[in-house]
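The values are calculated or read from the model by the stated rules, or taken from the named source; none is laboratory data. No experiment lies behind these values; they were computed from the predicted model shown. Note that each Cβ is placed from the backbone with ideal geometry, even for glycine, and that neighbours are counted across all protein chains shown. Note: areas computed on protein heavy atoms with side chains; ligands, DNA, RNA excluded. Shrake-Rupley method; radii C 1.70, N 1.55, O 1.52, S 1.80 Å.
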Amino acid sequence: TGYDLKSVNIYGGAPYQITGNTSVTVNGGTVSYVYGGGLLSLNGSTNVTINNGKIYKVFGGGGDFNGFSAETIVGTTSVTVNGGTINEVYGGADNNSRVMSDTFVTVNSGTITNVYGGGDVKSRTSGNTNVNIVGGTITSGVYGSGCYVAAALGGSCVTVTGGSVPHVYGGGDHHAIS
């Protein structure tokens, strides 16, 4: 709690293929990226909980960095935000990676610029994307799908029951739902 890790990425998965579920909890500090997955295949589900801290981007899925192959997550992804300040939250994956099942994002508290049910930068979500805003402050928008040519092949469900949200979109930012 309280550490300055702004140049550090946190992964629930590994730089190799694993079987089993992953869980990441952030209770504070400053972090660049948080991933529920890793850099290669995960045959399981992910769970990310943010209780506090300052984070640039949070992903339920994994990413493709430093020449590693794109990650595929076979199970569901879940991101729960209970506090903190975050630039972007994604239920899906980053940078050419895939989630083969459903994604779930729940925001209970905190301040977030954008929330996405899907992924970022050419990622793919094969299942349904689900976003539930219960509380907190979203300063820009909530998107049922992903961002920057990130495909969401299933349905999109956005539910807002509380908090402050200026814009809500069933689709994505800079692309359309397939």
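Amide H contacts for V79 (H built 1.01 Å from N in the peptide plane; partners 5 or more residues away or on another chain; cut-off under 5 Å): V48, F104, V105, T106.
Highest mean first, the peptides 73-79, 20-26 sorted by other C-beta atoms within 10 Å per residue fall in the order 73-79, 20-26. When the residues E88, E71 are ordered by accessible surface, computed with a 1.4 Å probe over the protein chains alone, the sequence from largest down reads E88, E71.
To the nearest 10, the accessible area of K57 is 30 Å² with a 1.4 Å probe. Defining a contact as two alpha carbons under 8 Å apart and six or more residues distant in sequence, what relative contact order in percent does the range 121-178 show? Relative contact order for the range 121-178 comes out at 43 percent.
Take every pair of alpha-carbon atoms less than 8 Å apart whose residues are at least six positions apart; their mean separation over the length of the chain yields a relative contact order of 15 percent.
The residues of the range 101-171 expose, per residue, 36 Å² of accessible area to a 1.4 Å probe.
Can you pull the percent of the range 1-97's accessible area that's carbon plus sulfur, 1.4 Å probe, other chains left in place? Spell out each step's value before the answer.
Numbers: 1790 of 3950 Å².
Carbon plus sulfur share of accessible area: 45 percent.
Under the shape rule built on the C-alpha gyration tensor, where the axes satisfy a ≥ b ≥ c, the chain is oblate, since a/c reaches at least 1.5 while a/b does not exceed b/c. Taking chymotrypsin sites (Phe, Trp or Tyr not before Pro) in DSSP loop states with no more than 12 other Cβ atoms inside 10 Å as exposed sites, the chain has its longest site-free stretch at 17-178.
Projected label points at T30 and V168, each 7 Å from Cα along the beta carbon direction, are separated by 3.4 nanometres. Classify the range 1-99 as rounded, prolate or oblate, taking a ≥ b ≥ c as the square roots of the eigenvalues of its Cα gyration tensor: rounded when a/c is under 1.5, otherwise prolate if a/b is larger than b/c and oblate if not. In terms of gyration-tensor shape, prolate.
Residues of the range 31-45 falling in the label zone of T137, defined by backbone nitrogen less than 16 Å from a point 7 Å along Cα to beta-carbon, are absent.
For T113 and Q17, the difference between the fully extended length at 0.36 nm per residue and the C-alpha to C-alpha distance is 31.3 nm. Here the dipole of the chain is about 40 debye; that uses its Cα centre as origin and unit charges on the Cβ of Lys and Arg (positive) and Asp and Glu (negative).
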